[in-house]
1. Along its three principal axes, how long is the chain when you only count alpha carbons? Whole Å, largest extent first please.
2. Before rounding to the nearest 500, sum -39500 (n - 2.57) across all DSSP H runs of length at least 4 in the chain and divide by the residue total; then give [θ] at 222 nm in deg cm²/dmol.
3. Beyond 16 Å, what share of the Cα-Cα pairs of the stretch 66-133 remains, rounded to the nearest whole percent?
4. When the distances between all Cα atoms of the stretch 67-218 are binned every 10 Å from zero, what whole-number percent does each bin get?
5. Hydropathy at least -1.0 by Kyte-Doolittle, axial extent at least 30 angstrom from the Cα trace: which helices of the chain, defined as entire DSSP H runs, fit?
6. If contacts are Cα pairs under 8 angstrom and at least 6 residues apart, what is the relative contact order of the stretch 275-364 in percent?
7. Between Arg203 and Asn315, what FRET efficiency comes out of the Förster formula 1/(1 + (r/R0)^6) with R0 = 45 Å and r the beta carbon distance, rounded to 0.05?
8. Under Stokes-Einstein, with the Kirkwood radius over Cα pairs standing in for Rh, what whole-number D in µm²/s applies to the stretch 1-135 at 37 °C and 0.692 mPa s?
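Throughout, read-outs are computed from the coordinates displayed, never taken from laboratory work. Note that the structure is predicted; figures quoted are calculated from it, not measured. With ideal geometry, Cβ positions are generated from the backbone for all residues, glycine too; neighbour counts draw on all protein chains shown.
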Amino acid sequence: MNEVTIKHGIAENKTQIIFQLIQVFLVGLTIGMTRTVIPGLADTEFGLGSQQFLLLTSFVVVFGIVKAIMNLTAGRLSDLYGRKKVLITGWIVAIPIPFMILYAPNWNWIVAATLLLGVNQGLCWSMTINSKLDLARLNQKGLVNGINEFSGYAAVAIAGVVTAYIVELYGAREGLFVFGVVVIIIGLISSIWSIQETMPWARMHRGDAPAVAHQSLAKAFIQASWNDKTLLSLNQAGLIEKFTDAMVWIFLPVFFLSKDLTLIEGSAIVSVYALVWGGSQLITGPLSDKIGRKVLIVSGMWTCGLGLLSMPYTNSVFLWTLEAGIIGAGMAMLYPTLGAAVADFAPVESRGTLLGIYRFWRDFGYAVAALTLGIVAQMTQVLTAPFLLASAAMILSGLHVLIVVPNQVD
């Protein structure tokens, strides 16, 4: 395409934006099928008792480490070689996952499957947001992050409920196998035939500015992770917010099973968290373009912290559902806003790399959170303990953002 005909804007590129939203929806379905069923499999299929918390958290630790590395790699590779190739690679890597779940003879196979899931999510989810940022105008970063995360996390919620029903009807392994194969094949085929390379749009964002040599990944990593205090604060918030999601992924299903809820009932409550998170981002993403990022990030961190604090002290499906919605609202405030805030401070020519570094720390938070929460739960043998730790981490992290991050939108 001739660069003269390239225009930035969501409306101007609505067809590709829609195709990219379909992609992130399929990526969300892929991880969503594991969110409530896999913790249940740990006990029913592989004999991990509910008190073996460290073994239970192992699959999320592996997922977090791998996805973090993939995010870092994907950002750099996409800046150098383009978004579409990285996206397609992510779908190819996902193909073995349903087969490994179906034929897994022990828990190690599930951990290995989540390793591939981490690669898939790190490559594919990163590319969907990078491509939309390329296509959109610079003043639409919050809106772009909002609609991207809405599509992805709505899919996570839908997949959690749908797979719970399928598992009840056909069995855990068979249900996940059929669902996974269908989603992954559709994702791969559609990424090949419907997605357009968006690097020409990324280059046009620079306009007439002189080309800037790519900073080495090591230097960019040190700059974003330590020297630049604003990026450091945003990166630590991204890491710590995974304490909330790790709680929902690992401990909420176990918590609800300990309260004698069925898998479907527990999945329904967890889906409220994901649905509120996904849907509310349609509001919070563009809102951050108008009122600034900081107020939403801090408010979201504290809302999640308070929601987690209250959950173990209530004892009804209604209150748990309400609390799940509150935590989801908090995530909606902070999640797209953190990504948009990093993009605010990132030069266009290195935006993919700096966003990749942010996503590295954000998703490394899965490993840090799962391991830390698992150790605390294992040592105390009390499910309340990880709720309290996650709550404290969210509140303190929000305080750091309040103190360090400047009040600016652009």
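1. Cα spread of the chain along its principal axes, largest to smallest: 62, 46, 36 Å.
2. -26000 deg cm²/dmol
3. Details: 1021 of 2278 pairs.
The answer is 45 percent, as a whole percent.
4. Going from the shortest bin to the longest, the percentages are 10, 33, 33, 16, 6, 1, 0.
5. Details: long enough: 53-81 (41 Å, 1.45); 107-135 (42 Å, 0.70); 141-170 (42 Å, 0.97); 172-193 (32 Å, 1.94); 263-291 (41 Å, 0.89); 317-345 (42 Å, 1.34); 351-380 (43 Å, 0.65); 384-404 (31 Å, 1.94).
Answer set is 53-81, 107-135, 141-170, 172-193, 263-291, 317-345, 351-380, 384-404.
6. Values: 87 pairs, mean separation 33.3, N = 90.
Normalised by residue count, the contact order of the stretch 275-364 is 37 percent.
7. Values: r = 57 Å, r/R0 = 1.26.
Here the calculated transfer efficiency is 0.20.
8. Numbers: Rh = 16.3 Å.
Rounded to a whole number, D works out at 202 µm²/s.
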